Amino acid sequence: MKQERTIVGGLLVLQLILWLGFLVHRSPRFPGSFTGGVLAVIAALLMVIPPLLYSAAKRTKAFKEKITKRISLGTLLTWHIYTGIIGSILAILHTGHRFESNLGIWLTTMMMLTVLSGFIGRYFLAYSSKELHEKKDMLNLLAYEYNKIVGEIAQQPGAEIAYAASHGSIRRAFNSFFGTEDVLIEAKTPLSIRAVRLAESIADLEYAIKTHEVAKRRTARWLNFHIITSFAFYLLLLIHVWASIYYGLNWFK
């Protein structure tokens, strides 16, 4: 996942650099040339076929059961990611930085927003889910240790709590993103103090988990935004292809 994120992130930066090339370069004839046309066809195929296959497999049960016998859903998602970003790079090359028509400008905008929203939703959401899972595992471990110590304290009715400390909301907010500090408890530390320190760590982890759950729900909205921009992009792409064929045939006439 980390290697994939690095590669796709690099391709995303390359796409941005190529797009910014319109500041220093413009080739009005290139989009209509043979090379420009080949780039356009390849880019369209890369951005249409794999994403639609993945979407159909993800949302259609019958198609999913049929295609996953040969290709896993994860493989389709990987194809969708790589072909989408590579297709968008080829599409920018196809433009020759000729951003003159409103259709071309909006098509390029929707394409880049679709790629960007997909990147954020895919990798940030996956990172948040991983962090949340790790914190829940740690919480279960600390809860087990806490209950164990409480049971030992119950067998020592004369024990007194000699230490108490609390964390402020700012410190807990900091810990929610950067992790809770390690609980270093020596074996000779009184059980009551160990119990209090574990309780503090549990409280910090619970706060961190709630924070991550809120962040995860907000990140999930990026997926909805990705679907909306994808729909707009495909609609504009269809209009662009139709206009190219229509005016191209009229030009031959």
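Please treat every number below as a calculation from the coordinates, not as lab data. Source: prediction; values computed, not measured. Counting neighbours? That spans all protein chains shown, and the Cβs are built from the backbone with ideal geometry, glycine included.
Details
- Taking Cα centre as origin and charging only the Cβ of basic (Lys, Arg, +1) and acidic (Asp, Glu, -1) residues, the dipole magnitude of the range 1-96 rounds to 400 debye.
- Our summary of shape: the Cα atoms of the range 28-104 have principal axis extents of 47, 22, 16 Å, ordered from largest down, in whole angstrom.
- Order of 242, 222, 106 - criterion: other Cβ atoms within 10 Å of each residue's Cβ, fewest first: 242, 106, 222
- The residues neighbouring residue 40, those whose beta-carbon lies less than 15 Å from its own, together hold a net charge of +2 under the Lys/Arg +1, Asp/Glu -1 convention.
- Ranked by the mean number of other Cβ atoms within 10 Å per residue, highest first, peptides 63-70, 84-91 order as 84-91, 63-70.
- Cα-Cα over 20 Å, subset of 148/210; 136/210; 61/136: 148/210; 61/136
- Estimated inter-spin distance, residue 102 and residue 130, nm [label 7 Å along Cα→Cβ]: 4.4 nm
- Separation in nanometres of the label points that stand 7 Å from Cα toward Cβ, at residue 210 and residue 109: 4.0 nm
- Inter-probe distance in nm under a simple model that places probes 7 Å from Cα toward Cβ, at residue 6 and residue 152: 4.3 nm
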